[in-house]
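S.K.: Okay, handing you the structure first.
What follows draws every value from the coordinates through simple rules; no lab data is involved. Keep in mind it's a predicted model, so treat the numbers as computed, not measured. Every residue, glycine among them, receives a Cβ derived from its backbone with ideal geometry; neighbour counts consider all protein chains shown.
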Amino acid sequence: MDAPVRPVPAVVVVGLLLGLAFVGTVAALPGGASDRSAPAVSAAAAPAASSSAVTGNVSGPSYLATSSNATFRFNATGGPGVVGISVPGKLTWTATLSGPNTTGTSVTPSNGSITSISSEPVSLSVKVGAHTGLFTLSITVTSTLAKNNTSATLTKSFQVLVPFVLRATLVAGPSAEVMPFQVKVALDGTIVGTTTVPKLAPNATYRFTYRYADPNLGSGYHTFTLTIASAHGLVTFSNGRTVQTTTFYVAPGPASYTIYYILGAVAFFGVLFIYATRVGARRRGTARR
């Protein structure tokens, strides 16, 4: 005789049905139960390092006279050190000068840092010595934020040449001390530079010197003009004027930068005399043939 079948309680049946429904719902999800998301955690995200490269530019003259000074300027930005105004990071730089012979050369300052994301141009004073040739100013910039850093090197090349040299004598008046002022230098009517004259005592004299280098100066006659910028009547050139000019001649053919053109009529006529003598010598030599 079989044992009587006991009815399953209704509560158990309902629980089994609910369990099957839950399993079916989970199975219907993509990837099953493993796709259930973890509870969200609220936290402030750290600033991401910029992936941009360090960029910049260097500006300055293309030609310098031997034993002279010039100002170069550069800008730099980018890299992990520039991620926003709230987290500016830092850019550091080092400047060096290379060339055929760097004796007597210097860069001031030779290093520094930029802490703003859009810096003003950094000014560098470059001094060159008595050696000619192609020189290169190199500025290595490193952008740093925490442990992230990126570097780039900015360069500017320039020629150092034996220059034309202008000389003149300035004379201060007897009435008062003359504060520092500038003398403007123009070549064929175009300003090519300025030189600052230091403070002068009454009746003092100052020997003015200006060096000008240009490998592209064409053949023919050219005129330098010196002008005292502050026309206050307290200082003049030795001729009693505030403007002084001289004209010189560049012969056709390759330029010789070992010749110094010295300001003044004596030097100018001396150049003409040498030129005429050389031409006459050639002609006499030809006649003998």
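S.K.: So if each residue of separation counts as 0.36 nm, and I subtract the Cα-Cα distance between Gln182 and Ser98, what length gain in nm does that give? Intermediate results must be reported in sequence, preceding the final value.
M.R.: Working: separation 84, 0.36 × 84 = 30.24 nm, distance 3.15 nm.
Additional length available on full extension: 27.1 nm.
S.K.: Once label points are set 7 Å from the Cα along Cα→Cβ at both Ser157 and Ser125, what is their separation, rounded to one decimal in nm?
M.R.: Simple spin-label model gives 2.8 nm for this pair.
S.K.: List the lysines whose alpha-carbon lies under 18 Å from that of Lys90, not counting same-chain residues fewer than 8 positions away?
M.R.: Lys147
S.K.: Name the residues whose placed amide hydrogens come within less than 5 Å of the amide hydrogen of Ala76, ignoring near sequence neighbours (fewer than 5 apart) on the same chain.
M.R.: Residues meeting the amide H criterion: Ser119.
S.K.: Can you sort Arg241, Arg211 by how many other beta carbons sit within 10 Å, fewest first?
M.R.: Listed from fewest to most nearby Cβ atoms, that is Arg241, Arg211.
S.K.: For Lys156, which lysines qualify as cross-link partners when the Cα separation must be under 22 Å and same-chain residues fewer than eight apart are set aside?
M.R.: Leaving aside lysines fewer than 8 places away in the same chain, those within reach of Lys156 are Lys127.
S.K.: Taking 7 Å along the Cα-to-C-beta vector as the label spot, tell me the Ser62-Thr245 distance in nanometres, rounded to one decimal.
M.R.: Between Ser62 and Thr245, the simple spin-label model gives 2.8 nm.
S.K.: Measuring from label point to label point, each 7 Å out along Cα→Cβ, what is the Asn111 to Thr196 span in nm?
M.R.: Here the modelled spin labels are 2.8 nm apart.
S.K.: Can you sort His222, His232 so the residue with the fewest Cβ neighbours within 10 Å comes first?
M.R.: His232, His222
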